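Before any comments, here is the structure.
The values are calculated or read from the model by the stated rules, or taken from the named source; none is laboratory data. The structure presented is a predicted model; accordingly, all values stated were derived computationally and were not measured. Cβ sites come from the backbone with ideal geometry, for glycine too, and all protein chains shown count toward neighbours.
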Amino acid sequence: MTKFSEEQWIDWVDQLSQNDFVVIDDFLDKQLFESIRTYFLDRLEMDGFSDAAIGALNHKQLEKSIRGDKIYWLERKNDLEMESFFQLSDELIQQLNQLCYLSLSGCEFHLAHYPIGAFYKKHIDQFKGRSNRLISVIIYLNVGWKPGDGGELKIFKENGGELLVEPLAGRCVMFKSDTVPHEVMKTQVNRYSLTGWLLYQPSTLGYLLG
């Protein structure tokens with residue numbers, strides 16, 4: 001499966017290498033976007049989402065003052081409707097391995113629902129003592145987002161600056177999991193995304209922090 005040209009991949013990887021993050025619009029084509037969004041809404045209607053926690057392993061806890069999203073963990077062998085997305089994630093891993101020599105060998109993804117009023121305070125995705133998360137990936141599934149709706153991703157740059165990323169439909173944000181502090185601003189509408197990590201090795205620790 002080859003969705004993008006070699007030149008596109010090189011440009012995105014260059015941005016990721018230089019800035020520690022990259023924003024890609026229209027990462028999902030219309031058909032894939034609609035299929036993922038439909039699957040998301042089906043799982044939401046079936047009440048398949050759980051409150052997201054913070055911390056890892058025995059330190060996991062619910063803390064609404066830090067994050068208020070609900071998540072549904074995806075498993076490739078069970079969530080067969082998501083296979084086209086997993087094929088795209090395979091291509092992403094292959095390209096990053098070829099261009100960056102990252103030795104990525106797996107991924108973990110979940111669907112994330114931020115209800116009205118939810119947010120996620122400033123944090124870094126990589127845990128102490130768990131270094132297999134290398135690249136964070138967020139793909140937005142909102143339709144008709146407009147200024148004032150909230151739910152933007154705030155990226156804290158190394159030079160002290162900040163970047164506010166609007167959660168536009170089909171937009172993908174990738175960043176280094178261990179070096180990029182970020183937060184999700186309070187949302188005024190239901191906010192949907194597909195979020196996960198590209199791993200140095202497949203996770204054997206179970207699903208920790210979403």
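Every residue in segment 13-31 that is part of a helix (DSSP H, G or I) and over 16 Å from the mean Cα position of the chain (by Cα), please.
From segment 13-31, those part of a helix (DSSP H, G or I) are 13-19, 30-31; that's our starting set.
Hits for segment 13-31 are V13, D14, Q15, S17, Q18, N19, K30, Q31.
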>> Here's a check for you: in segment 32-55, which residue that is among the hydrophobic types (A, V, I, L, M, F, W, C) and part of a helix (DSSP H, G or I) is surrounded by the fewest Cβ atoms within 10 Å (Cβ to Cβ)?
In response: L41
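Does N142 satisfy being touching a residue at least 40 places away in the same chain (Cβ under 8 Å) and in a loop (DSSP other than H, G, I, E, B)?
yes
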> Here are some conditions: (1) out of contact with any Lys or Arg (no Cβ under 7 Å at 6 or more places or on another chain); (2) surrounded by 15 or more Cβ atoms within 10 Å (Cβ to Cβ); (3) part of a strand (DSSP E or B). K122 meets all but one. Which one does it not meet?
Replying inline: (2)
> Looking only at segment 149-170, which residues are under 25 Å from I36 (Cα atoms) and assigned to a loop (DSSP other than H, G, I, E, B)?
Replying inline: D149, G151, E152, E166, P167, L168, A169, G170
> Pairs under 6 Å by beta carbon, first residue in contact (Cβ under 8 Å) with a residue 12 or more places away in the chain in segment 14-39, partner among the charged types (D, E, K, R) and not in a helix (DSSP H, G or I), six or more apart or different chains?
Replying inline: D20/K176; D25/R171
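Conditions tested, residue by residue: (1) closer than 27 Å to Y200 by Cα; (2) not hydrophobic (A, V, I, L, M, F, W, C).
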residue: W145; (1), (2): no, no
residue: F156; (1), (2): yes, no
residue: G160; (1), (2): no, yes
residue: V165; (1), (2): yes, no
residue: V173; (1), (2): yes, no
> Of the numbered conditions (1) at pLDDT 95 or above; (2) in contact with an Asp or Glu (Cβ under 9 Å, 6 or more places away or on another chain), L62 satisfies every one except a single condition; which is it?
Replying inline: (1)
>> With over 30 Å from K157 (Cα atoms) and either basic (K, R) or modelled with pLDDT under 95 (or both) as the only criterion, which of M82, M1 stands out?
In response: M1
> Among the candidates G117, G170, G151, which residue alone is in contact (Cβ under 8 Å) with a residue 40 or more places away in the chain, crowded, with 20+ Cβ neighbours inside 10 Å and over 22 Å from E83 (Cα atoms)?
Replying inline: G151
